[in-house]
Amino acid sequence: MKIKKTAYLGLLLSAALITGYIEFLLPPISGIPGVKLGLSNIVTLITMELFGKKDAFLVLISRILLSGLLFGSIFSLIFSLSGGLLAFGAMALSSRIREISITGVSILGAVAHNMGQLIAAVFLVKELKIIYYGPLLLFFGLLTGFLTGMIAGLVIRPLRAAIKDRDTVN
Amino acid sequence: MKKGDIYVALLILIVAVLWYWILKSGNDRAESSGVSRAVSISVDGTEVMELSLFEDRSEIIRGVNGYSCEVNITSGKADVVWADCPDKLCVNQRAIASVGETIVCLPARIVIEIKEEGEPFYDGISGSPGDPGGGCFNGCVGRSRRGAL
C-alpha cells in the first residue's frame, strides 16, 4: 500500500507544479509584486487533509525544489522556500484548531506565505521600505486564501471518496 | 465556513489596518516636520536623479541595454508614461505618490521610487549573474526565467 500512496503523492506533486505554471501564464493580478492567486496551495491543503502533515510537507518541499530548479533562479527559490515554509507552519498549526475550517487554514496559509516573501524581500533586496506593501499583502492574502480554501473544500470530499474506492477495489 | 474563520478574517483585517496606520502616521509625522517627498530615479542600482514630487516635470531616463523610459511628475504623482522596453510593465503600473512605492522597468534596470527628500538611496540591487535585480520578489514576469511559486 505504500506504493499506492507514493503514486498519489506523485500525482499531487504534478498537480502542484501544473497549477504553479498556470499561475505563471495568467496576467498579474495587480501592480503589486508578490500578489498571486496561490493556486498551488490548494494542493498542499488537499494533501494535508487526505494524507496528513508529513506527506503534505514532503510534497510541498519537493514542489518548491523542483519548480525552483526547473523554472526559477536562486532568488525565486529563496522566496518560494520562505513563503512556503511559513505558510506550511501556519497551516499545520491552525488545522489543529477545531473552530477553523479549511477556509480559515487556507487564509492563514496565504497570509503567512505573503509575509514570508515580504521578509525574504526585505533581506534580499536590503530595502526596508518594502514593508509598506504589508497591509495590501495581508488583504490580498485574505482574499486569495479564502478563494483557494473554498476550492480545496469542494474538491476534497470527492477526492477522498475516489481514493477510498480505489483501495477497496484492489 | 466555521465561526473561527470569521475571527481569522477579522484578525487579519485588523492587523492590516493597524499596520497601515502605523506606517501612515510615521509618514505624516515626517512630512509635518518639513521633510517632503521626492522621486528617486536610479539606473542599475545607482541613483541618477532626485526630483521633488511637487514640481511638475518630465524626464527621459536612459537605462541599461539601450532601453529608456519617460517619467512624468504631475500633481504630486510620478508615473511612467512611455518606455521602449519589450514588456511595458512599467507603463501599465499605476502612478505612485506614497513613500516606499516604486515603479520598476526591469529590462532597463530603472527604479523609480518615492522617498523622503534627502534620504540616501538604499541600493537594493545585488549583483550576480542572471540576477534580474530590482526587488523582483515574486519572480520576473515576462522573462524566460520562472517566478517564485
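Here is how the numbers come out for the structure above:
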| quantity | calculated |
| --- | --- |
| Candidate lysines - alpha carbon under 19 Å from A:LYS4, same-chain residues fewer than 8 apart omitted | A:LYS53, A:LYS54, A:LYS164 |
| For the protein assembly as shown, calculated [θ]222 nm from helices alone, where every DSSP H run of n ≥ 4 adds -39500 (n - 2.57) | -18500 deg cm²/dmol |
| Shielding by partners, peptide A:93-101 (average Cβ within 10 angstrom, other chains) | 3 |
| Efficiency of FRET from Cβ geometry, A:LEU69 and A:ILE3, R₀ 30 Å, rounded to 0.05 | 0.75 |
| For A:69-80, mean number of other protein chain Cβ atoms within 10 Å | 6 |
| Spatially proximal aspartates and glutamates relative to B:LYS2 (Cα-Cα < 12 Å; intrachain offsets below 8 disregarded) | A:GLU99 |
| A:GLU49, B:GLU113, A:GLU99 arranged by Cβ crowding within 10 Å, fewest neighbours leading | A:GLU99, A:GLU49, B:GLU113 |
| Mean Cα-pair separation over length for chain A, i.e. relative contact order, pairs under 8 Å, 6 or more apart, % | 23 |
| Eligible lysines near B:LYS24 by straight Cα distance, threshold 21 Å, same-chain separation 8 or greater | A:LYS129, B:LYS77, B:LYS115 |
| Trypsin sites (Lys or Arg not before Pro), loop per DSSP, at most 16 other Cβ atoms within 10 Å - longest free stretch of chain A | A:1-95 |
| Shielding by partners - mean other protein chain Cβ count within 10 Å, residues of B:99-109 | 2 |
| Peptides ranked, highest mean first, by Cβ atoms within 10 Å: ranges B:76-89, B:47-60 | B:76-89, B:47-60 |
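Every number in this text was worked out from the coordinates using simple rules, so none of it is lab data. As the structure is a computational prediction, the values presented were derived from the model and not from experiment. Reconstructed Cβ throughout: ideal geometry from the backbone, glycine too, with neighbour counts over all protein chains shown.
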